[in-house]
Amino acid sequence: MQIKTKAIVISSLKYQEKSLIVKCFTLSDGLKSYFVRDAFSSRKSNQKIAYFQPLSILEIEAIHKNKGTLESFKEIKIASPFHSIHSDVVKSTIVMFVSEILNTSIQEEEKNEALFYFLETALTWLDNHHEISNFHLILLLEITKYLGFYPDTANMENRFFEMTEGVFSPFHAISSLTEHETILFKKLIDLKFDNNQKSFHVIERQLLLKILIDYYSFHLDGFRKPKSIEVLKEVFS
């Protein structure tokens, strides 16, 4: 089946000497993997490889056989050119981290248009703003809405957040955050991208990052801690 759709690049892996395997989150079909033959061998290879930087937003025409095998591109172009994401060291580190998160979080080959549009909007915001210290924290929390485990905020007045059930409780259980951690988590829930990005100190930001990674681990089978997390901590230290 030939399709035309937008796609967000999740990862690209070199295959043998000249080719790539590219995983994309597509608007039309959710997660898809593509084989790019001779990505490193033509005169235009640099241009070709540039399409597949983490979280690039593409417009693609592709052949989808839908047989669980690698699909193939027919045409590729950049849908939304980024001006700063891949040249700014802090933004590119965030993007590397988020792409790793998505790589282990989006696990089913089914479309999720709401998540796609959210990611597209969030990446455009990141590309156009400079105060971005809390971006990755807000993004990780917001993504849980689309993956089905956003915290239940019905009883936010309670003192403890229980991680496995995703609820606020008056009682402290083994899998609960401490009272201090819960206060920080509540503060994060109330934040939006356009809020003051200096809402947290460095140590608080690192603690929230750990909480979010743990929260993902509780709710997603096979979730792996991103390798780039240490680099992310370094750029925000």
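The values are calculated or read from the model by the stated rules, or taken from the named source; none is laboratory data. Remember, it's a predicted structure, so these values are computed and weren't measured experimentally. Note: ideal-geometry Cβ built from the backbone for every residue, glycine included; neighbour counts use all protein chains shown. With ligands, DNA and RNA removed, areas are computed over all heavy atoms of the protein, side chains included. Shrake-Rupley method; radii C 1.70, N 1.55, O 1.52, S 1.80 Å.
Give me the aspartates and glutamates in straight-line cross-link reach of K6: C-alpha distance below 17 Å, same-chain residues under 8 apart excluded.
D29, E59, E61, E71, E75, E109, E110, E113, E120
Towards the positive end of the charge dipole of the chain, with charges on Cβ (+1 Lys, Arg; -1 Asp, Glu), say which of Q206, T121, S80 has the farthest Cα.
Checked the options; the winner is S80.
To the nearest 20 debye, what charge dipole does the range 51-169 have about its Cα centre, counting +1 at the Cβ of each Lys and Arg and -1 at the Cβ of each Asp and Glu?
Values: 8 positive and 18 negative charges, 55 e Å.
The calculated dipole for the range 51-169 is roughly 260 debye.
For the range 77-215, which whole percent of the accessible surface, found with a 1.4 angstrom probe, sits on carbon and sulfur atoms?
53
Indicate, rounded to the nearest 5 percent, the antiparallel portion of the DSSP beta bridges found entirely in the chain.
Bridges in the chain are about 95 percent antiparallel.
Compute the long axis of helix 89-105 from its Cα atoms, compare it with the longest principal axis of the Cα atoms of the chain, and write down the angle in degrees, 0 to 90, nearest 10.
Tilt relative to the chain: about 90 degrees.
As a quick test, which of the pairs K91/K210; K186/K227; K18/K111; K32/K192; K111/K210; K74/K227 have an alpha carbon distance above 22 angstrom in this structure?
Distance filter (> 22 Å) returns K186/K227; K18/K111; K32/K192; K111/K210; K74/K227.
Going by the alpha-carbon gyration tensor, a ≥ b ≥ c the square roots of its eigenvalues, is the range 102-156 rounded (a/c under 1.5) or, if a/c is not under 1.5, prolate (a/b greater than b/c) versus oblate?
Cα axes put the range 102-156 in the oblate bin.
Treating only the Cβ atoms of Lys and Arg (+1) and Asp and Glu (-1) as charged, compute the dipole magnitude of the chain about its Cα centre; round to the nearest 20 debye.
Roughly 1020 debye, rounded to the nearest 20.
Over the chain, what is the relative contact order in whole percent, taking alpha-carbon pairs under 8 Å and six or more residues apart?
The normalised contact order for the chain reaches 16 percent.
Compute the long axis of helix 113-128 from its Cα atoms, compare it with the longest principal axis of the Cα atoms of the chain, and write down the angle in degrees, 0 to 90, nearest 10.
With rounding to tens, the tilt is 90 degrees.
Taking the chain as the reference, fit the longest principal axis to its C-alpha atoms, fit the long axis of helix 202-219 to the helix C-alpha atoms, and give the angle between the two in degrees, 0 to 90, nearest 10.
The angle comes out near 70 degrees.
Hey, got the dipole for the range 194-237? About the Cα centre, +1 on K and R Cβ, -1 on D and E Cβ, debye to the nearest 20?
120
What is the sum of charges around L191, taking Lys and Arg as +1, Asp and Glu as -1, for the other residues whose C-beta is under 15 Å from the C-beta of L191?
Its environment carries a net charge of +1.
In deg cm²/dmol, rounded to 500, what helix-only [θ] at 222 nm does the chain give when every DSSP H run of at least 4 residues adds -39500 (n - 2.57) and the total is split over its residues?
Dividing the helical sum by the residues of the chain leaves -11500 deg cm²/dmol.
The range 146-170 to the range 192-223: how many Å between their Cα centroids?
15
How many percent of the alpha carbon pairs in the chain exceed a separation of 28 Å? Mind dumping the intermediate values first?
On the way: 9771 of 27966 pairs.
When all Cα pairs of the chain are counted, 35 percent exceed 28 Å.
How much accessible area per residue does the chain have, counting only protein heavy atoms and a probe of 1.4 Å, in square angstrom?
Value for the chain: 52 Å² per residue.
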